[in-house]
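This report refers to the structure that appears directly beneath it.
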Amino acid sequence: MENLSINIKEKKDYFISLFEDTGWDIIKDSVNSSQFDDIIVKLVNEVNHGRRFTPMYKDIFNAFLECPYEKMNVVIVGQDPYPQLGVADGISFSCSKKDKIEKSLNYIFDEIVKTVYTPMIGEEKLKLLKEGLNPDLKRWSKQGILMLNTALTVQIGKIGSHYNIWDGFINNIFKELDKRSDLIIVLLGKKAEQYELMLTNNTVLKVSHPASAAYRGGSWDSKDVFNKINEHLKLQGKSTIIW
């Protein structure tokens, strides 16, 4: 491909600059590697062949940038980004770029209302409902949740198309996560569960992916995961999540 090498260093330097003071040294090391050269080559090749992808380059690492390593207490792992153009923002399930709650996130919010908010009463419940049901999930990231996908990009309109591009990179992330022993890691769906064997030191919770309910047209059973996360955080003496 012509002039591809010109863009690689530029893009790598840009990403590395984003991670200063975030604690995510594993990201800087990975971006510095030849493995990441291959990722950039593949993404540029996609574009050159008319296969657009999402999210945009500048948003690819937002899940990490909005959740500094030292602040991370919870990891929620989805599949890949929303495949529609102009929806994915780099944080799994978040859709801040649109004033609309996507189906998977709507199932998540329904379960939060049912399992977390319903027992509450009066003004407290109304306040949380008003503040909580917002499609921008940076508020979860800022509370210490790494909202991770098993692929950081996807071809527009083609679910699962970039898993192979990101597989090695995501493997490195899970190896880094398992150096910790205080994380609560939620694996949503079969794709995320493939990484379970790599997670030997942390608390792992498994739940079906909310998209599976969308395909069936039924309800999503969260297995009370949002309350369970907070219960585990309490046991560790950490602040609970305001969903």
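The values are calculated or read from the model by the stated rules, or taken from the named source; none is laboratory data. Quick caveat: nothing in here was measured; it's all calculated off a predicted structure. Here the Cβ is made from the backbone with ideal geometry for all residues, glycine too, and neighbour counts use every protein chain on show. These area figures cover heavy atoms from the full protein model, side chains too; ligands, DNA and RNA do not enter into them. Shrake-Rupley method; radii C 1.70, N 1.55, O 1.52, S 1.80 Å.
Name the residues whose placed amide hydrogens come within less than 5 Å of the amide hydrogen of LEU146, ignoring near sequence neighbours (fewer than 5 apart) on the same chain.
ASN73, VAL74, VAL75, ILE76
Which ³J(HN,Hα) values in Hz, rounded to whole numbers, follow from the phi angles of segment 10-23 under the Karplus curve 6.51 cos²θ - 1.76 cosθ + 1.60, where θ = phi - 60° and Gly and Pro get x?
Those phi angles translate into 4, 5, 5, 4, 4, 5, 4, 4, 5, 9, 4, 6, 9, x Hz.
Would segment 1-92 count as rounded, prolate or oblate if I go by the C-alpha gyration tensor, calling it rounded below 1.5 in a/c and otherwise prolate when a/b exceeds b/c, oblate otherwise?
In terms of gyration-tensor shape, oblate.
Among the GluC sites (Glu not before Pro) within segment 1-94, which fall in a DSSP loop and have no more than 16 other Cβ atoms within 10 Å of their own Cβ?
On the way: sites: GLU2, GLU10, GLU20, GLU46, GLU66, GLU70; in loops: GLU2, GLU20, GLU66.
When the GluC sites (Glu not before Pro) of segment 1-94 are filtered for loop state and at most 16 Cβ neighbours within 10 Å, GLU2, GLU20 remain.
Using a probe of 1.4 angstrom, how much of the accessible area of segment 44-88 is carbon and sulfur, in percent?
On the way: 950 of 1830 Å².
C and S fraction of accessible area: 52 percent.
If r is the Cβ-Cβ distance from GLU176 to THR118 and R0 is 45 Å, what FRET efficiency results, to the nearest 0.05?
Details: r = 37 Å, r/R0 = 0.82.
Given R0 = 45 Å and the Cβ-Cβ separation, E is 0.75.
Please report, as a whole percent, how much of the solvent-accessible surface of segment 150-243 comes from carbon and sulfur atoms (probe radius 1.4 Å).
Values: 2130 of 4420 Å².
Here carbon and sulfur together make up 48 percent of the probe-accessible area.
Quick one: 3J(HN,Hα) in Hz for segment 152-161, Karplus 6.51/-1.76/1.60 with θ = phi - 60°, rounded, Gly and Pro as x.
Karplus values, whole Hz, x for Gly and Pro: 8, 9, 8, 5, 3, x, 9, 4, x, 6.
Quick one: accessible area per residue over segment 178-226, 1.4 Å probe, rounded to a whole number of Å²? The partial results should precede the final answer.
Details: 2380 Å² over 49 residues.
Per residue, segment 178-226 has an accessible area of 49 Å².
State the label only: which of [x] 1.34; [y] 1.08; [z] 1.02 corresponds to Cα Rg over 2.2 N^0.38 Å computed from the shown model?
Computing Cα Rg over 2.2 N^0.38 Å and matching it to [x] 1.34; [y] 1.08; [z] 1.02 gives [z].
With +1 on each Lys and Arg Cβ and -1 on each Asp and Glu Cβ, and nothing else charged, work out how big the dipole of segment 46-117 is about its Cα centre, in Debye to the nearest 20.
Numbers: 9 positive and 10 negative charges, 42 e Å.
Computed about the Cα centre, the dipole is about 200 debye.
Taking +1 at the Cβ of each Lys and Arg and -1 at the Cβ of each Asp and Glu, which of ASN48, PHE36, ILE26 sits farthest along the dipole of segment 1-62 towards its positive end, judged by Cα position relative to the Cα centre?
It is ASN48, whose Cα lies furthest towards the positive end.
Could you sort out which of LYS58/LYS206; LYS103/LYS158; LYS42/LYS191; LYS28/LYS103; LYS98/LYS142 sit more than 28 Å apart by Cα distance in this structure? Can you show the working numbers first?
Working: LYS58/LYS206 30 Å; LYS103/LYS158 17 Å; LYS42/LYS191 21 Å; LYS28/LYS103 33 Å; LYS98/LYS142 20 Å.
Over 28 Å Cα-Cα: LYS58/LYS206; LYS28/LYS103.
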